[in-house]
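Asker: Handing you a structure now.
The values are calculated or read from the model by the stated rules, or taken from the named source; none is laboratory data. None of these values were measured; they are calculated from a predicted model. FYI the Cβ positions are ideal-geometry reconstructions off the backbone, even for glycines, and counts take in every protein chain you see. Remember, those area values only see protein heavy atoms, side chains included, never the ligands or the DNA or RNA. Shrake-Rupley method; radii C 1.70, N 1.55, O 1.52, S 1.80 Å.
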Amino acid sequence: MRRALLLLPLLAGLCFAPVSEGQDKKKKPAPPKNAKPSFAADPAAFKVAKGFKVELLYSVPKPQEGSWVNLCVDPKGRLITSDQGGFLYRITVPPIGTSEGTKVERIPADIGGAQGLLWAFDALYVMPNVRKTMPGGTKIVPGLYRVTSSKNDDTLDKVEELLTFEGAGGEHGTHAILPHPDGKRLTLVCGNQTKLPKYDTTKVPPVWGEDHLLPRMPDGRGFMAGVMGPGGFILNVDKNGKNSELFSVGFRNQFDAGYNRDGELFTYDADMEWDMNTPWYRPTRVCHVTSGSEFGWRNGAGKYPAYYPDNLPGIVNIGPGSPTGTCFGYGAKFPAKFQDAFFICDWSYGKMYAVHMKPKGSTYEAVAEEFVTGTPLPLTDVVINPVDGAMYFAVGGRGVQSGLYRVTYVGTESTAHPFAGNGVKGVVLKDLAQSQGHTDPKAVDTAWTYLSSPDRTIRLSARTVLEFQPASTWSDKALAEYDPVRSMTALLALARVSAPCPQHAKTDSPKPDPELRGKILAALGRIDFAKLTDEQRLDMIRVYHVLFNRFGPPTEAEKAAWLAKFEPAFPTKNRYVDGELFQVFVYLAHPKAAEWGLKLIANAPTQEEQMEYARALRVLKTGWTPELRKGYAEWLVSANNFRGGNSLSGFLRIMREDFEKTLQPGEREAIAKQLAESAAGPKGPQVGPARAVVKKWTLDELAPKLEAAIKAGGRDFDRGRKMFSEARCFGCHRYDNDGSAFGPDLSGVSGRFGPKDLLESILDPSKEVSDQYAATIFDLEDGTTVTGRIVNLNGDNYNVNTDMLNPNDLKPINRNNIASMKPSKTSMMPNGLMDVLKEDEALDLMAYLLSRGDRNHAMFKK
């Protein structure tokens, strides 16, 4: 179960009893004594974008037809779907204008359990995500299958196995199938429990690794602890499942994807919800999947931050959720804005978003708009039917009640579309992609120009081109390069191709050359760290991480040179730069690392930042004094009161155990009490440090002061960030890649709200409650009431979060025990959060929020 036990973002793993031709004649299991009739949700209860209409076409009889998780359209405009663990079905939908007369028939082919369906090349392609023997004797394993008619008619009964995958199955296995833009191939989408097949060619340089400078903490509950990168992947194959090409890697669990009109690929990747409120949590996000790209999934605390140069960030973060089906709106009789939208489904929170993109350099920026929402609405897939121009979506998965819905536009806007494309030609990326995957005498010169591009996506693509060329043809050029950005990009490539990551090394892998390490360090030493932007500083430090991980520690002379360069610059006052630099100080066993680390922890306003420094300190063996040892042990005790996802306590346990391994004889006794308290866990309810109420702030009183403060400047960035924590804002909200993702991400809030409007939403959170984060009131049959948000469904059971400050505060509710449901008019955001702040503190907090995390904003200048 999600949040409390296990909800991973996709829907397999729960297999259903096979449905057979004669199942209606069999005795059905008796329903629970208080069981209520099971029907798909009434669309009248949904919130739908203006001008659109949702119809329920079919409420799936679960005992006979299971729970539907996938959709595709055949050439006649009929839909094809799959029960999560059972058969395939063909659906003839009624004409637009009537919702009666939906016809559902089982497809005879002895195959099912699909999470990928596609009609292409005069056949139905199927990607099962189960391992089972079907009733007709066909043994199905995760892979790619082709279903056709043995009689060349409309009866799909012939099954061909084309490609199989190892390690797949469950919720992180084989997923969607897409038609490739070249019209000749298929694109396969696979989650991070699918082992990479033996591909024929690759656009991704096969030099990936874990590349963690310090020992990585596996998941706090052991999930996928032994699985190494590169994680989920995208694979292109021909129509027979041959000639495979690895296109992109590093995903957690992307269920579906889609190509836009310009042939650019996008997907909606999953978060690891158990990581919430840790520094390595990455929210669900829409990714622009470029040729040869890497998106940085690694197990446990090893996920790459979005700023690492050896992976790409998403183009828009969505927040916590369970990504399922996606599609572009092409072919829909919708207004142009929605025809161009990328529709994405979130299963757990019951939301379909329309993601609107616009070009930004070689890639895109995007905003997500709620399109259809419901409680509950466990969306599994969405398609556009080009025959009637309507959208169809299914709900279901994990044994919950399934239904098929149709969305049409009934508004007054034109549904004509005057555009042929999105305006992004992608010339540079496409030219670079032509040089990926093979050696090319001209490729080094082609790539070199773009290694210093201000466009991060182009830099990554150019680096991948370089990594396919023999290092002997460009290593001297990399070592001699004086442009700092080009130098760092080239040196990262040189480190990656010249030595393997230790966790991925094979017996025939090249051995690290200490002389080359020295040359790379000398080249990096020429770069003036003080003149770099924060982004460039992070890039530079990442090169050191990869270099030391693959080549081993520097010599004493090399170490002294590095320390002479970076000691004077530390700390930099940038939370992320300091976190990455601090890892190197710990790796090099700097004698003051323990002292520095505990000072950083003491000054860090968020639990995420504290954990960043603490996870590095946990493996430090030298430089400790009794006072410092006690300080770290006391932090472990205080961390028992942290709130977060289901793995948080496990991560803290690993920190404690690793710290204990560094203790010298005689040190344990002095901190035995703190270690025991840390191991025992929280003693009572988890609460943050209390602050006394200063006054009941009102909008009329504080708004004029805020307006004057913005004009006057001189606000305190660091105090604003500290107040954001002490007012408990970080407990729900993500801001500048810090904090929880349970509430809205506030990083770009100043672009959506004026100062007064933003202040009002904080002081009076219930004045206007966003549907995206609204609670539901559940009146139960026993007379009790539960108020919260559904975050997981399983069969007839809902898990409802009742406290946004605690992601694990879940109340289980069986739908048969619900008397009524209605939206709450009261925000889950508590009132009075700013009432504990003094005037200057409140103004600094508002300045911090309005600055988008930029400490150089005019509001902070005197």
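Asker: So if I check each of Val619, Val584, which one is open to solvent by 10 Å² or more (accessible area, probe 1.4 Å) and among the aliphatic types (A, V, I, L, M)? I'd like the intermediate steps shown before the answer.
Answerer: Details: Val584 fails: open to solvent by 10 Å² or more (accessible area, probe 1.4 Å).
Exactly one of Val619, Val584 is open to solvent by 10 Å² or more (accessible area, probe 1.4 Å) and among the aliphatic types (A, V, I, L, M), namely Val619.
Asker: Just for the range 797-854: of the residues that are surrounded by fewer than 16 Cβ atoms within 10 Å (Cβ to Cβ) and in contact with a helix residue (DSSP H, G or I) (Cβ under 7 Å, 6 or more places away or on another chain), which one is nearest to Met276 (Cα to Cα)?
Answerer: Going through the qualifying residues, I end up with Arg852.
Asker: How many residues, within the range 312-321, are assigned to a loop (DSSP other than H, G, I, E, B) and either β-branched (Val, Ile, Thr) or surrounded by fewer than 24 Cβ atoms within 10 Å (Cβ to Cβ) (or both)?
Answerer: The initial filter retains those residues of the range 312-321 that are assigned to a loop (DSSP other than H, G, I, E, B), namely 312-315, 320-321.
Applying the additional criterion that residues be either β-branched (Val, Ile, Thr) or surrounded by fewer than 24 Cβ atoms within 10 Å (Cβ to Cβ) (or both) yields 313-315.
So the answer is 3.
Asker: Since Arg406 meets every condition but one in (1) more than 25 Å from Pro500 (Cβ to Cβ); (2) open to solvent by less than 10 Å² (accessible area, probe 1.4 Å); (3) part of a helix (DSSP H, G or I), which condition does it not meet?
Answerer: Among (1) more than 25 Å from Pro500 (Cβ to Cβ); (2) open to solvent by less than 10 Å² (accessible area, probe 1.4 Å); (3) part of a helix (DSSP H, G or I), the lone unmet condition for Arg406 is (3).
Asker: Suppose we filter the range 562-583 for residues that are of a type in the set (Asp, Glu) and assigned to a loop (DSSP other than H, G, I, E, B); how many remain? Before the answer, list the steps.
Answerer: Let us first name the residues in the range 562-583 that are of a type in the set (Asp, Glu), namely 567, 578, 580.
Next cut, assigned to a loop (DSSP other than H, G, I, E, B) only: 567.
Of the residues in the range 562-583, 1 are of a type in the set (Asp, Glu) and assigned to a loop (DSSP other than H, G, I, E, B).
Asker: Could you please let me know if Leu56 is at pLDDT 60 or above, on the phi < 0 side of the Ramachandran plot and surrounded by 15 or more Cβ atoms within 10 Å (Cβ to Cβ)?
Answerer: On the way: at pLDDT 60 or above: yes; on the phi < 0 side of the Ramachandran plot: yes; surrounded by 15 or more Cβ atoms within 10 Å (Cβ to Cβ): yes.
Answer is yes for this residue.
Asker: So if I check each of Ala257, Ala225, which one is of a type in the set (A, V, I, L, M, F, W, C) and open to solvent by 10 Å² or more (accessible area, probe 1.4 Å)? Please lay out each step first, then the result.
Answerer: Details: Ala257 fails: open to solvent by 10 Å² or more (accessible area, probe 1.4 Å).
On inspection, the qualifying residue turns out to be Ala225.
Asker: Still on this structure, please answer the following. So Thr324 ticks every box in (1) touching a Cys at 6+ places or on another chain (Cβ under 8 Å); (2) part of a loop (DSSP other than H, G, I, E, B) but one. Which box is left unticked?
Answerer: (2)
Asker: Here is a further query. Scan the range 623-645 and give yes if some residue there is closer than 20 Å to Cys732 by Cβ and either among the hydroxyl-bearing types (Ser, Thr, Tyr) or surrounded by 23 or more Cβ atoms within 10 Å (Cβ to Cβ) (or both), otherwise no.
Answerer: yes
Asker: Does Gly411 satisfy the condition of being of a type outside the set (Ser, Thr, Tyr), open to solvent by less than 40 Å² (accessible area, probe 1.4 Å) and under 22 Å from the mean Cα position of the chain (by Cα)?
Answerer: So Gly411 fails the test.
Asker: Another one. Out of all the residues in the range 263-302, which are of a type in the set (Asp, Glu), over 16 Å from Met217 (Cβ atoms) and either free of Cβ contacts under 8 Å to residues at least 12 places away in the same chain or open to solvent by less than 10 Å² (accessible area, probe 1.4 Å) (or both)? Even if it seems obvious, please write down each step before you answer.
Answerer: Within the range 263-302, the first condition is being of a type in the set (Asp, Glu), and the residues that meet it are 264, 269, 271, 273, 275, 294.
If we keep only those that are over 16 Å from Met217 (Cβ atoms) too, we end up with 264, 269, 271, 273, 294.
Passing the criteria: Asp269, Asp271, Glu273.
Asker: From the list Glu609, Glu660, exactly one residue is part of a helix (DSSP H, G or I) and open to solvent by 30 Å² or more (accessible area, probe 1.4 Å). Which is it? I'd like the intermediate steps shown before the answer.
Answerer: Details: Glu609 fails: open to solvent by 30 Å² or more (accessible area, probe 1.4 Å).
After applying the criteria, what remains is Glu660.
Asker: Between residues in the range 509-520 that are more than 13 Å from Asp476 (Cβ to Cβ) and free of Cβ contacts under 8 Å to residues at least 24 places away in the same chain and residues that are open to solvent by less than 80 Å² (accessible area, probe 1.4 Å) and hydrophobic (A, V, I, L, M, F, W, C), which pairs lie under 7 Å by C-beta distance while being six or more apart or on different chains?
Answerer: From the range 509-520, the pairs are Pro510/Ala499.
Asker: Further question: Which condition number does Tyr145 fail, the rest of (1) of a type outside the set (Gly, Ala, Ser); (2) under 26 Å from the mean Cα position of the chain (by Cα); (3) at pLDDT 95 or above being met?
Answerer: Tyr145 satisfies every listed condition except (2).
Asker: Could you look through the range 424-438, keep only residues that are polar (S, T, N, Q) and either modelled with pLDDT of 95 or more or buried (at least 16 other Cβ atoms within 10 Å of the Cβ) (or both), and pick out the one that is farthest from Leu312 (Cα to Cα)? Can you show your working first?
Answerer: First, pick out the residues of the range 424-438 that are polar (S, T, N, Q): 434-436.
After this cut, where a residue has to be either modelled with pLDDT of 95 or more or buried (at least 16 other Cβ atoms within 10 Å of the Cβ) (or both) as well, the list is 435-436.
Numbers: Ser435: 19, Gln436: 17 Å.
It comes out as Ser435.
Asker: Mind listing whichever residues of the range 441-475 are surrounded by fewer than 19 Cβ atoms within 10 Å (Cβ to Cβ) and under 18 Å from Pro500 (Cβ atoms)?
Answerer: Pro470, Ala471, Ser472
Asker: Now, a different point. Anything in the range 149-173 that is charged (D, E, K, R) and either open to solvent by 60 Å² or more (accessible area, probe 1.4 Å) or part of a loop (DSSP other than H, G, I, E, B) (or both)? List them, or say none.
Answerer: Restricting attention to the range 149-173, the residues satisfying the condition of being charged (D, E, K, R) are 151, 153-154, 157-158, 160-161, 166, 171.
If the condition is that a residue be charged (D, E, K, R) and either open to solvent by 60 Å² or more (accessible area, probe 1.4 Å) or part of a loop (DSSP other than H, G, I, E, B) (or both), then Lys151, Asp153, Asp154, Asp157, Lys158, Glu161, Glu166 are the ones that fit.
Asker: Can I ask one more? Within the range 546-581, how many residues turn out to be acidic (Asp, Glu) and open to solvent by 50 Å² or more (accessible area, probe 1.4 Å)? Can you show your working first?
Answerer: Narrowing the range 546-581 to residues acidic (Asp, Glu): 556, 558, 567, 578, 580.
In the following step, the residues that additionally are open to solvent by 50 Å² or more (accessible area, probe 1.4 Å) were identified as 556, 567.
Selection size over the range 546-581: 2.
Asker: Need a quick list: strands (runs of 3 or more DSSP E) entirely within the range 69-126 having at least 1 residues that are open to solvent by less than 10 Å² (accessible area, probe 1.4 Å).
Answerer: Values: elements: 79-83, 88-92, 103-106, 114-120.
Qualifying strands (runs of 3 or more DSSP E): 79-83, 88-92, 114-120.
The rows are residues; the columns are (1) modelled with pLDDT of 85 or more; (2) open to solvent by 50 Å² or more (accessible area, probe 1.4 Å); (3) among the β-branched types (Val, Ile, Thr).
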| position | (1), (2), (3) |
| --- | --- |
| Leu702 | yes, no, no |
| Ala708 | yes, yes, no |
| Arg715 | yes, no, no |
| Ser725 | no, no, no |
| Arg728 | no, yes, no |
| Ser750 | no, no, no |
| Asp757 | no, yes, no |
| Asp764 | no, yes, no |
| Glu768 | no, yes, no |
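Asker: Hey, Ala176 hits all of (1) in a strand (DSSP E or B); (2) open to solvent by 70 Å² or more (accessible area, probe 1.4 Å); (3) small (Gly, Ala, Ser) but one; which does it fall short on?
Answerer: All conditions pass for Ala176, except number (2).
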